[in-house]
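To start, the structure under review is shown below, and the notes come after it.
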Amino acid sequence: MNSKIEQQFAKVGIKIPEILLPKIGTDISKWAVVACDQYTSEPNYWKQVENIVGTSPSTLKITLPEIYLEHHNIEDRIIKINKTMKEYLSSKILETIPQGFILIDRKTSHVKSRKGLIVALDLEKYNYTKGAKTLIRATEGTIVERLPPRIKIRKNASIELPHIMVLIDDPKKTLIEPLFKIKHQKVYDTNLMMNGGHIKGFHVKDDKSLKRIADALLKLANIKTYTKKYNIKDKNVLLFAMGDGNHSLATAKAIWEEKKKKLTPIQKKNSLARYALVELVNVHDVGLQFEPIHRVLFNVDSMKLLDAFKEYCTKNKSVFDNQTFSNEKKLNNALKKLMKNKKQHCIKYVTPMGHGIIIIKNPILNLEVGTLQAFLDEYIKNNPAIKIDYIHGDDVVSKLGSKDNNIGFYLPIMHKSEFFKTVIVDGALPRKTFSMGHANEKRYYLEARKIK
């Protein structure tokens, strides 16, 4: 590998990884499974996945779907995962391909093509804490309390499998898109289970392509270009912004911070644990769609919650109004009119009694999701029996929110064109502000990398 190119990548926080892929002959359609943080309230989804996989090698057997995080046998599951990882390595089910990146073309049921590039990011250039000015940043609040179970899974793992998607702001499409004009070796081409679409992967390893990637990243990180693009004076460049998998990257960072305390400078530089495998995606890719993440609360008295929301708003000098409708058509017509007023927040909801709209005038936060989440955090803290889930798709919210003792909130879409500037100026967004696509469009575990 060209050392000069590697030095260029180091400046922008990237390592050219040695990636592990399933050996030739493996059924990739059974190997690849959707990200573990999806379908967390739909056990039937994961039962179907288990039936599809059967006894075949699969990432299902070396990852932990979050729906099982609170199960009594969690420790046994983690031990089994780590054991299976070692078996997949020793039996050569996973094999190392030469150092390089993986160029991805993903087709889903919603978009014809979403392009990405699998790279390894330097955790030394990442900070998930509030107010961070690092090259790689979180885009939503990181809940430290959510890290311990993830740390427990990764701590003794021999390999990592990424569902992390990281965004770059490349409006001229200088980095990922030109790579498709060059012929690269195809390393997989498969349908994805459970309506996940189709994915192709190409191995990018030639010096010419690697230099083009490094040059493009260095230009995006150029301080003059950066300050002019965003009309700011901040000299702390944000090159990589978290899209999906924020807590997974934070977990890798937490483990690295602990591990590096015992390492020499040379060991720190060369440690596999210093890096995390991610997929880079251009925020301007036409196949990348921002979708809202909705909320469903369980074991809740919806009327008491709405009354408490009104009190919360009054306390914060906002005006709260709650309108209910006899049918959804009337509600949607009213919502269109109400949303023309950009100075107020409109949040649609569903309960077993029907649908309604919450209107909040003079909100203290900029985004509807911020206003709602700030209230819910406080309310759930005072009512610990209530559970919350973050849902992709209006239909799931309607189904779950209309059940007894539940309430579902539908949130609007965030415009991706304002994404980077918002993070740079305002800092991390409220958690679960947006999702990149629907649940079945999330990354499927496919590539892997040794981390010890």
Practice task
Give, rounded to the nearest 20 debye, the magnitude of the charge dipole that segment 294-410 has about its Cα centre when Lys and Arg contribute +1 at Cβ and Asp and Glu contribute -1 at Cβ.
Solution key: 520
Exercise for the section: Over the alpha-carbon set of the chain, divide Rg by the Kirkwood Rh and report the Rg/Rh ratio to two decimals. Expected result: 0.97
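Name the helices (complete DSSP H segments) of the chain with a Cα length along the long axis of 18 Å or more and a Kyte-Doolittle mean of at least -1.0, or state none. Please report the intermediate quantities before stating the final value.
On the way: long enough: 74-90 (24 Å, -0.55); 207-220 (20 Å, -0.05); 246-259 (20 Å, -0.73); 302-315 (20 Å, -0.35); 368-382 (22 Å, -0.19).
Helices passing the filter in the chain: 74-90, 207-220, 246-259, 302-315, 368-382.
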Completion exercise
The set of residues whose placed amide H lies less than 5 Å from the amide H of residue 291, leaving out same-chain residues fewer than 5 positions away, is 435, 436, 437
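In debye, nearest 20: dipole of the chain around its Cα centre with unit charges on the Cβ of K, R (+) and D, E (-)?
On the way: 77 positive and 48 negative charges, 319 e Å.
It works out to roughly 1540 debye.
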Exercise for the section: Would you pull out the residues with amide H under 5 Å of residue 159's amide H, same chain only if 5 or more places away, H placed 1.01 Å from N? Expected result: 451
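Go through 378-391, 8-21 and give me the packing order, highest mean Cβ count within 10 Å leading.
8-21, 378-391
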Problem - FRET efficiency estimate (nearest 0.05) - Cβ-Cβ, residue 418 to residue 322, R0 22 angstrom - result: 0.15
Exercise for the section: Over the alpha-carbon set of segment 235-372, work out the extent along each principal axis and list the three values in angstrom, largest first. Expected result: 67, 36, 34
Handout entry: Length gained when the stretch residue 390-residue 146 is fully extended (0.36 nm per residue, less Cα-Cα span)
Key = 86.4 nm
Fill in the blank from the handout: With the charge dipole of segment 294-410 built from beta-carbon charges (+1 for Lys and Arg, -1 for Asp and Glu) about the Cα centre, the Cα from 320, 351, 372 projecting farthest to the positive end belongs to 320
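Could you calculate the contour length gain from residue 381 to residue 284, that is, 0.36 nm times the residue separation minus the distance between their Cα atoms, to one decimal place in nm? Before the final figure, lay out the partial values.
Values: separation 97, 0.36 × 97 = 34.92 nm, distance 3.79 nm.
31.1 nm is the gain from fully extending residue 381 to residue 284.
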Fill in the blank from the handout: Only helices counted: for the chain, with every DSSP H run of 4 or more residues adding -39500 (n - 2.57) and the sum spread over all residues, [θ] at 222 nm is -10000 deg cm²/dmol
Exercise for the section: Quick one: grab Rg to one decimal and Dmax as a whole number for segment 294-410, Cα atoms only, in Å. Expected result: 13.3, 37
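What does the charge dipole of segment 162-297 about its Cα centre add up to, to the nearest 20 debye, if the Cβ of each Lys and Arg holds +1 and the Cβ of each Asp and Glu holds -1? Please list the in-between numbers first.
Details: 25 positive and 14 negative charges, 152 e Å.
Around 720 debye, computed over segment 162-297.
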Practice task
Work from the charge dipole of segment 358-452 (Cβ charges, +1 for Lys and Arg, -1 for Asp and Glu, about the Cα centre) and give the residue of 413, 439, 396 farthest towards its positive end.
Solution key: 439
Practice task
Quick one: which residues, 5+ away or cross-chain, put their amide H under 5 Å from the amide H of residue 187? H built at 1.01 Å from N.
Solution key: 201, 202, 203
Practice task
Just report the Cα centroid separation between segment 224-265 and segment 350-367, whole Å.
Solution key: 35
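What full-extension length gain, to one decimal in nm, is calculated for residue 41 and residue 156 as 0.36 nm per residue of separation minus the Cα-Cα distance?
On the way: separation 115, 0.36 × 115 = 41.40 nm, distance 2.75 nm.
Full-extension gain reported as 38.6 nm.
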Exercise for the section: Between residue 130 and residue 333, take the C-beta separation as r, use R0 = 41 Å, and let me know the FRET efficiency to the nearest 0.05. Expected result: 0.55
Practice task
Quote the FRET efficiency, to the nearest 0.05, computed for residue 87 versus residue 452 with a Förster distance R0 of 22 Å and r equal to the Cβ-Cβ distance.
Solution key: 0.90
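Each reported figure results from applying straightforward, stated rules to the coordinates on display, with no laboratory input. What you are looking at is a predicted structure, and each value in this text was computed from that prediction instead of being measured. Methodologically, a virtual Cβ is constructed for each residue, glycine included, from the backbone with ideal geometry; neighbour enumeration extends over all protein chains shown.
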